[in-house]
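Since the structure comes first, as structure tokens, the remarks are kept for the end.
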Amino acid sequence: MSLSSISRTQVVSVAVVAVTAAVAFSPPRLALALVFAGLAVLALGVVFAVDRERRTLAEKMEEVRVQLDEMARDRHDEVSLARDRDVRVRQTIQEAADACADRTVEGWARHERQQARVSAPLDQAVGSGGSPEGRSGEGSGGRSGAHSAGDSGGHSGGRSSEGTEREEARTPAERDLATAQDLLWNGYSSLGLARLRGLGADSEASPAVRAEAHKTLSNWHRATGQPESARDHAHLADLSAPRAARGSSGVPSLLTARIRAPRAARHFDVVLMSDFRLPGGSTGSNLQEITAQRDAGLTTGLVHHPVLRADQSRGVNPKILAAVDNDRVRFVAPDERVTCDLLVVRFPLIGQRPMDVLPTVDAARRIVVLNQTPNRRYGTEEGAHETEAPNEAWNVARCVKGFTSMLGEHSWHPISPRVREAMVLHHSSEMAGVPLADEDWTNVIDVDAWRRGGRRNPDGRVLLGRHSRDDRDKWPGDPAALAAAYPALPGWETHVLGGTRFAQQTLGGLPPHWTAHPFDSVDAREFLHELDAYVYFTGQGHLEPFGRAPLEAIAVGLPTLLPPSFAPVFGDAALYTEPEGVRAEIEALMGDEERYARQVRIGHEVLRERFSHQAHLRRLSELGVRVPAEFLEAPSPLLVP
């Protein structure tokens, strides 16, 4: 057994036994001395142990202090770098804002003032007779005199002429914009603001003028301490004319306004997501639902989602801009967070490629309105015309994936029985479990706003008409069918709103009894009010998803003739025939006043029950939107003899 194998415990035990024995067998005094000596040794041992532990802890604390110092230095460096980045970002935004400002009317005004300062010395010299021509010694009757007369007393007359030419080159909307800005900044703010709001939704103004009007409104509200209104109009400027609003810097007005989104989530009763640039029936349907919701006291948030296929420089349709009051109806910016009772997505092509940047919408319920069929034509051979668009309008499988990623749990609502039939018969296997709602999301219309007081005054003519986009699928492709639908009879006229290019290709020219108006060149209600009957036929195999144009004609009070395929949509509200039967139906209506009036009344009765604003509010209530009770009462029935 070696000494190294003896543990400390054994040594201590032996020492304790030895001391105990010594104390026990020693005289009392010696024993007491030994006890004190042992206690002293024990105390010294404790002191040494504590000191050793203290030194160990001090070394550890020093290591911790060194580590904390290193972390503090690293944090200081990170903060310094962040501050530097923040300064650079602010400088970049300010440069972008300055670049955008240079593209505005205010920037142009600064440029004009600079040019005036440069040319001021020359103006003074000319006014005092010190022109180069005056010093040449040719005399008052030479070139100098002629120049002075031509310039009306100096160079200032030439500049006035140039300014007049520039003023004349402006469009009326551009002149109105400048006048509104003058009123706004010269003390007549109420007049200036009203004119600018009108210009911001003026369909006759260019997109650039509409954008500039909203940018001016944004600047005004920011200057008067109304950041939310300033932010709303900066966003509207971007929506009105994306390219013009960005200017040469390429930075949207919403960013250059440098106004943060509200921290608290704004709540809407309904949020409507759509491509609000579209010119046709989608915009008309969106407007009707927006109006119905606003008139019932509901709030509507609009999320603009331009589809990828179309021109990205196009702005929002001015008809939509006119409906925005930034109170009950407002656009939701991409960096906002909002909540709503119902999110409605209208336009299935959105799901094919959702945008990367969208506002956060926390919706209690989410639906997609199928206002298009996946294919443009069914039951006909594709590619009948080399110039026509591909048959597929949107891909069902890709839209299922896109909408599921964007919305989560949601349902699809066909816009009519015709769309429902197409989805069930031709695309059910592609829907991958997305539920198809039991009820159709039919288009609606304000019947009272559209209906006319009575028939137009008789003058011996029979005026037939139709209105729609000028698309090949919107017209019968058979010349005989097209000619039969709009007969060339004595006193009979056909009026078309929307263009006739494809009809002329089919007929070999515009028939002499036809009158054509370009798309949106005449208000649709005014156009329809001047007709006797409405006739609407489309191309073979084309499945019109709903038929907003016939809906408007019925609302006006026109007997409406359609192909039988529309019967599941409109029921008794319309008359159904083939093109060859149009003449007989029209002659029967025009020859029987009571028959004509009865058909008008039936049409209005069907529309009030199924396609009215009240019908829309009832379905919103069924989906959880809190609609005031007075707007949910059943419509009063129309008496039909």
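Values in this text are rule-based calculations from the coordinates and carry no lab data. Remember, it's a predicted structure, so these values are computed and weren't measured experimentally. FYI the Cβ positions are ideal-geometry reconstructions off the backbone, even for glycines, and counts take in every protein chain you see.
Averaging the sequence gap over all C-alpha pairs within less than 8 Å and six or more residues apart, then dividing by the number of residues, gives segment 277-359 a relative contact order of 36 percent.
All C-alpha to C-alpha distances of segment 280-428, sorted into 10 Å bins beginning at zero, yield P(r) values of 9, 36, 37, 14, 3 percent in whole numbers. Applying both filters, DSSP loop and at most 11 other Cβ atoms within 10 Å, to the trypsin sites (Lys or Arg not before Pro) of segment 551-641 gives ARG626. Using only Cα coordinates, the Kirkwood hydrodynamic radius of segment 203-316 works out to 15.3 Å. Note that segment 365-488 shows a convex hull volume over its alpha carbon atoms of 173 Å³ per residue.
The charge dipole of segment 171-221, taken about its Cα centre with unit charges on the Cβ of Lys, Arg, Asp and Glu (plus for the first two, minus for the last two), comes to roughly 140 debye. Over segment 505-559, the Kirkwood radius and the radius of gyration, each from Cα atoms, give a ratio Rg/Rh of 0.98. Shape analysis of segment 458-550 yields a ratio of the Cα radius of gyration to the Kirkwood radius, Rg/Rh, of 0.93. When you work out D = kT/(6 pi eta Rh) for segment 465-614 at 37 °C and 0.692 mPa s, using the Kirkwood radius from C-alpha pairs as Rh and the Stokes-Einstein form, the result is 211 µm²/s. A cut-off of 5 Å between modelled amide H atoms, ignoring neighbours fewer than 5 places along the same chain, links ARG277 with ASN317. Other residues within the sphere of radius under 15 Å centred on the Cβ of TYR536, judged by their own Cβ, net out at -3 (K and R +1, D and E -1). Per q in 0.17 1/Å, what log10 I(q)/I(0) does a Debye calculation on the alpha-carbon atoms of segment 556-599 return? Log-scaled intensity ratios, in q order: -0.45. When every Cα-Cα distance of segment 301-361 is counted in 10 angstrom steps from zero, the calculated P(r) takes the values 18, 53, 29, 1 percent. Fraction of C-alpha pairs exceeding 13 angstrom in segment 422-475: 80 percent, rounded to a whole number.
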